[in-house]
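**Q** Take this structure, written in structure tokens, and hold onto it; I'll ask about it next.
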Ligand SMILES: [Zn+2]
């Protein structure tokens, strides 16, 4: 029972080698990092849109305020032109000074809004550039990766064919356990127990598990998730 799975595992190394090469290829890494950036870019743009809307509202408010101040300014100018006594003139001058101060504050505020708007525009343009670069990087590397995949297709197919033949000889429930772990990127899956510790991660196994092994069962290591077996009576 174990022999058939060990033979399968040995042949599985060919498939694993191809998979590892593809997964670790620069082409795939570059394509994936570009894809990750592109997936996150929408959120950045949404945040920027919200900021731009906020700035626009602030800008509109400042414009309204400016119109009001201009109206007041012309009212005061008219009043000053028609002023009769000194007391009234002093009052109007005081009003004019207040107005000048308000206009100055508004001017500073407008300057700040403008700066922020410019920063947002700059950020939009940066995002646009990096997005275009990421799109190009993705396209180029996805193509290269597909070509790489295609180049080892025959090798992969023959490895799979060999495994399919070997699969027939393995007990189905054990094969299923193996393949499940293999799909979780565990390889090698099957290890021999060494004394009373896991042959892969060296975790000490409880007596109950040791007994199962002695009975010829294949167990799961709780720590590393590998399958463990005990070689038949070596003594
Ligand atoms: Zn282990």
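The values are calculated or read from the model by the stated rules, or taken from the named source; none is laboratory data. Nothing here was measured: the structure is a model prediction, and the numbers come from that model. All Cβ positions, even for glycine, are placed from backbone atoms using ideal geometry, and neighbour counts span all protein chains on display.
**Q** Mind checking which residues of the range 10-29 are in a helix (DSSP H, G or I) and farther than 16 Å from residue 182 by Cβ?
**A** 21, 26, 27, 28, 29
**Q** If residue 224 meets every condition in (1) near the ligand (Cβ under 9 Å from one of its atoms); (2) closer than 22 Å to residue 15 by Cα; (3) part of a loop (DSSP other than H, G, I, E, B); (4) in contact with a helix residue (DSSP H, G or I) (Cβ under 9 Å, 6 or more places away or on another chain) apart from one, which number is that one?
**A** The failed condition is (4).
Conditions tested, residue by residue: (1) under 49 Å from the mean Cα position of the chain (by Cα); (2) in a helix (DSSP H, G or I); (3) exposed (fewer than 15 other Cβ atoms within 10 Å of the Cβ).
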{"site": "8", "(1), (2), (3)": "yes, yes, no"}
{"site": "56", "(1), (2), (3)": "yes, yes, yes"}
{"site": "65", "(1), (2), (3)": "yes, yes, no"}
{"site": "70", "(1), (2), (3)": "no, yes, yes"}
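**Q** Still on this model: Taking the condition of being in contact (Cβ under 8 Å) with a residue 40 or more places away in the chain and in a helix (DSSP H, G or I), how many residues in the range 148-157 meet it?
**A** Within the range 148-157, residues that are in contact (Cβ under 8 Å) with a residue 40 or more places away in the chain and in a helix (DSSP H, G or I) number 4.
**Q** Report yes if some residue within the range 173-188 is at pLDDT 95 or above, within 13 Å of the ligand (Cβ to nearest atom) and touching a helix residue (DSSP H, G or I) at 6+ places or on another chain (Cβ under 7 Å); otherwise report no.
**A** Yes - at least one qualifying residue is present in the range 173-188.
**Q** Across the range 189-209, what is the total count of residues that are within 24 Å of residue 170 (Cβ to Cβ) and either more than 12 Å from the ligand (Cβ to nearest atom) or assigned to a loop (DSSP other than H, G, I, E, B) (or both)?
**A** 7
**Q** Out of the residues in the range 210-221 that are part of a loop (DSSP other than H, G, I, E, B) and more than 14 Å from the ligand (Cβ to nearest atom), state the one that is farthest from residue 176 (Cα to Cα).
**A** By that ranking, first place goes to 215.
**Q** Which count do you get for residues in the range 34-60 that are under 23 Å from residue 145 (Cβ atoms) and free of Cβ contacts under 8 Å to residues at least 12 places away in the same chain?
**A** Qualifying residue count, the range 34-60: 3.
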